[in-house]
Amino acid sequence: MSNTARIAAPQPIDDLEGWLAAFTQTTVLAELAALAVCVALSWGLVALLRRALGEYDGRSILFGKRGVDGVLFPLLLLFLSAVALAVLSGFVRVAVFKVTIPVLVALVVIRVGVKVLRVAFEEARWARSLEHTISWVAWLAMVLWVSGLLPVILNELDQITWKVGGAQLSVRNVIEGLLTAGAVLILTLWISSAIETRLLRSATGGELSLRKAVSNATRALLMFVGLIVALSAVGIDLTALSVLGGAVGVGIGFGLQKLAANYISGFVILAERSMRIGDSVRVDNFEGMITEINARYTVVRSQAGRESIVPNELLITSRVENLSLADTHLHQTTVVSVAYDSDVDKVTALLLQAALAQERVLRDPAPSVYLSSFGADGLEFTVGYWLRDVQNGQMNLRSDINRAILAALRANNIEIPYPQRVIHNR
């Protein structure tokens, strides 16, 4: 009984000799075997869940690219290791799991922080520096935890205090508040990213724009709630925000009205669906396809690869040509001149045949050919045709039709007249 009681209450390992003695005992092999079983179970559960849910997207926070590089694997491994620690601590002097638990906690913190930041701020350069900061802080806390120095350092930091108004703050309180605020904000970003992924999955056209509006509103609401919770965690009195809110309102009324107008216009555009992602528009003498509708601005990309950042207020207050709002079909024309002695019926047939030779030209409505004008140098014919896939370019199709027309006229010896001028000499 005395031996059992002595084993059931293991002594903490706080010194180097204790660590060495703990890791040289034969029970370490049992701990390593238990840890291997935990790793195998975690890997198997992640693989089964990934296959059941069909999560093979490399941007997935829980599963990552291969399953083991996501957040779910270290979370499951941490849970199983905690269970194994609770079971083994009643029978043996645990050593391996006392190191494994802090390492897994640090790994979970790093995985969550890095994965969420990469999904939420994919193109932000400062996110990479924040990822490194999270990694360094997590591994440093892990080392201090394992070495037993963490409680000592926290107690010392708790002794450094100062008075702010009616509250007594310490360095420990500030650090814990900042860590709590960071955790709350990361959790908020995670939830908003998951909602955005679900909303935007398999959505196109107007539905995509509406879901984007809901996603932006949800993220803004969650970030606001997360900010309030984070400020409360740091210890800031939220009643003081009423003064700040009044100051912000005055600032918006005077200096930030343009910025506020752009944000409001962005939500109006997304809600009304007057312009959608994928629409071809012409605004301020710039023509292209809408690739992004953000809260403050809209990105329009031309066929030449140039991108125009258009403030949302401009899209609301100025005239915008939407080439694919009610109908995605677009009408184009090209004009060609032939000599006056040409056979009009034959030219009409050749021009119509050249237009129909292009696969992108719609058959319904069918292309048309008109003798549109008696020009100074010859007969002018206008070829009109419709296309649906504006995103594939307009000038390239017009060029293909013009090349086909030129080849057909040359093959049939139909002259395209040069400009003729009469000069009188006195």
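Descriptive notes on the structure:
- Inter-site label distance for ARG66 and LEU314 at 7 Å from Cα along Cβ, in nm: 4.7 nm
- If the chain linking ALA33 and SER170 were pulled fully straight, counting 0.36 nm for each residue of separation and taking away their Cα-Cα distance, it would gain 44.9 nm.
- Charge dipole (Cα centre; +1 on Lys/Arg Cβ, -1 on Asp/Glu Cβ; no other charges) of segment 358-426 amounts to roughly 200 debye.
- Of the solvent-accessible surface of segment 362-415, computed with a 1.4 Å probe over protein heavy atoms with every protein chain present, carbon and sulfur atoms account for 48 percent.
- Stretching VAL83 away from LEU41 to a fully extended chain increases their span by 13.8 nm, per 0.36 nm per residue minus the current alpha-carbon distance.
- A 1.4 Å probe run over the protein chains yields, for segment 300-398, 56 Å² of accessible area per residue, whole-number rounding.
- Each Lys and Arg Cβ is given +1 and each Asp and Glu Cβ -1; about its Cα centre, segment 282-332 then shows a dipole of about 80 debye.
- Under-5 Å amide H pairs with SER373, H placed in peptide plane, nonlocal only: GLU380
- A straight chain from TRP162 to THR180 at 0.36 nm per residue would run longer than the Cα-Cα distance by 4.4 nm.
- About its Cα centre, segment 309-361 has a charge dipole of approximately 100 debye under the convention of +1 per Lys or Arg Cβ and -1 per Asp or Glu Cβ, with nothing else charged.
- Here's the list of lysines a cross-link from LYS258 could span, going by alpha-carbon distance under 26 Å and ignoring same-chain residues fewer than 8 apart: LYS212.
- Options GLN353, VAL310, ALA376, ranked by Cα towards positive dipole end of segment 304-390, top entry (Cβ charges): VAL310
The values are calculated or read from the model by the stated rules, or taken from the named source; none is laboratory data. None of the values given here were measured: they were computed from a predicted structure. With ideal geometry, Cβ positions are generated from the backbone for all residues, glycine too; neighbour counts draw on all protein chains shown. All accessible areas refer to the heavy atoms of the entire protein, side chains included, with ligands and DNA or RNA removed. Shrake-Rupley method; radii C 1.70, N 1.55, O 1.52, S 1.80 Å.
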